[in-house]
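Peer 1: Structure provided below as structure tokens; questions to follow.
The values are calculated or read from the model by the stated rules, or taken from the named source; none is laboratory data. Fair warning: this is a prediction, and the values are worked out from it, not measured in the lab. Cβ sites come from the backbone with ideal geometry, for glycine too, and all protein chains shown count toward neighbours. Quick note on the areas: whole protein, heavy atoms, side chains included, nothing else; ligands and nucleic acids left out. Shrake-Rupley method; radii C 1.70, N 1.55, O 1.52, S 1.80 Å.
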Amino acid sequence: MKSRLATIAAASVIALCAAAPASAAVTVLTFEGIADSTPVGNFYAPNYTFSASTLALVDSDAGGNGNFANEPSGNTIFFFTGAETPILNVTNGFDTGFSFFYTSATAATVRVFSGFNGTGTLLGTIDLSAQFTQNCGGDPTGDFCNFTNAGVAFAGTAHSIDFGGTASQTGYDDITFGSDVAGGAVPEPATWAMMLAGFGMIGCTVRRRQQVRTTVAYA
Ligand SMILES: [Ca+2]
Ligand SMILES: [Ca+2]
Ligand SMILES: [Ca+2]
């Protein structure tokens, strides 16, 4: 039988690890705090708005419907149902780099665009592989147990992302803006100098490793 990310439906939660102030800001959306199988929608509004098909999903080991393990933050990720792939619009735009953790039973491509709703110039692409069961086990349960860090550095200012993937077969967590490494955990040389420039971001990384995230709920 084919594995599915959600045992029933889906939901979402986000936690925000607000990083360094001013220039080298890196923002991570962790989805902690969004109820299981409910739309992410405007949870991070006004700057971040997710399309209607995007749902938060809580690990079944934490009482939700999620069939996953080893999620990078907390107990909540996002996935989608229906034919339309998730679109994330970022009102104020973002630059430098974009990254996330994903788990997927199918290959897919994530695309970053200069305009809203997947329009304008294609600034970057990230190819995903079908890796959901590779080299991993449940925590204690969950078929989608491999979460891989993926990202892209790009020039210009982006305003939307088309996450691609397959309904109920692809999940994401720790959506990261301003770095091509999700969560800023393992910086590439290009982003290392930027990280050193901000104490806030390093602190964020430390907190993440301690499994404690700063949660900022937008009003
Ligand atoms: Ca878990
Ligand atoms: Ca689990
Ligand atoms: Ca999470």
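Peer 1: In the stretch 62-88, what count of residues is obtained for those that are more than 16 Å from ligand 2 (Cβ to nearest atom), open to solvent by 10 Å² or more (accessible area, probe 1.4 Å), under 30 Å from T141 (Cβ atoms) and of a type outside the set (G, A, S)? Lay out the reasoning, then the answer.
Peer 2: The first filter runs over the stretch 62-88 and keeps only residues more than 16 Å from ligand 2 (Cβ to nearest atom), leaving 80-88.
Then drop every residue that is not open to solvent by 10 Å² or more (accessible area, probe 1.4 Å), which leaves 81-85, 87.
With the extra rule that they be under 30 Å from T141 (Cβ atoms), the set shrinks to 81-85.
Still in the list and also of a type outside the set (G, A, S): 81, 84-85.
Final tally of qualifying residues: 3.
Peer 1: Please count how many residues of the stretch 104-150 are of a type in the set (D, E) and within 13 Å of ligand 2 (Cβ to nearest atom).
Peer 2: Narrowing the stretch 104-150 to residues of a type in the set (D, E): 127, 139, 143.
Then keep just the ones that are within 13 Å of ligand 2 (Cβ to nearest atom); that gives 139, 143.
Of the residues in that region, 2 qualify.
Peer 1: Would you tally the residues in the stretch 27-51 being away from ligand 1 (no atom under 16 Å from the Cβ) and either modelled with pLDDT under 95 or aromatic (F, W, Y) (or both)?
Peer 2: 4
Condition check ((1) modelled with pLDDT of 95 or more; (2) within 20 Å of A150 (Cβ to Cβ); (3) within 16 Å of ligand 1 (Cβ to nearest atom); (4) open to solvent by 10 Å² or more (accessible area, probe 1.4 Å)) across all residues:
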site	(1), (2), (3), (4)
V13	no, no, yes, no
S23	no, no, no, yes
S60	yes, no, yes, yes
V90	yes, yes, no, no
R111	yes, yes, no, yes
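Peer 1: Which numbered condition trips up G203, out of (1) part of a helix (DSSP H, G or I); (2) modelled with pLDDT of 95 or more?
Peer 2: Failed condition: (2).
Peer 1: Here's a check for you: in the stretch 136-164, which residue that is within 16 Å of ligand 3 (Cβ to nearest atom) and assigned to a loop (DSSP other than H, G, I, E, B) is nearest to A6 (Cα to Cα)?
Peer 2: Filtering first and then ranking leaves G142.
Peer 1: Can you tell me how many residues in the stretch 73-83 are part of a strand (DSSP E or B) and aliphatic (A, V, I, L, M)?
Peer 2: Taking the stretch 73-83 first, the residues part of a strand (DSSP E or B) are 76-80.
Still in the running and aliphatic (A, V, I, L, M): 77.
Within the stretch 73-83, residues that are part of a strand (DSSP E or B) and aliphatic (A, V, I, L, M) number 1.
Peer 1: When you go through (1) at pLDDT 95 or above; (2) over 19 Å from the mean Cα position of the chain (by Cα); (3) assigned to a loop (DSSP other than H, G, I, E, B) one by one for A219, which number turns out not to apply?
Peer 2: Here A219 meets the rest and fails (1).
Residues are listed down the side, and each one gets a yes or a no for (1) closer than 13 Å to T170 by Cα; (2) open to solvent by 10 Å² or more (accessible area, probe 1.4 Å):
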residue: T54; (1), (2): yes, no
residue: F101; (1), (2): yes, yes
residue: A105; (1), (2): yes, yes
residue: T121; (1), (2): no, yes
residue: S129; (1), (2): yes, yes
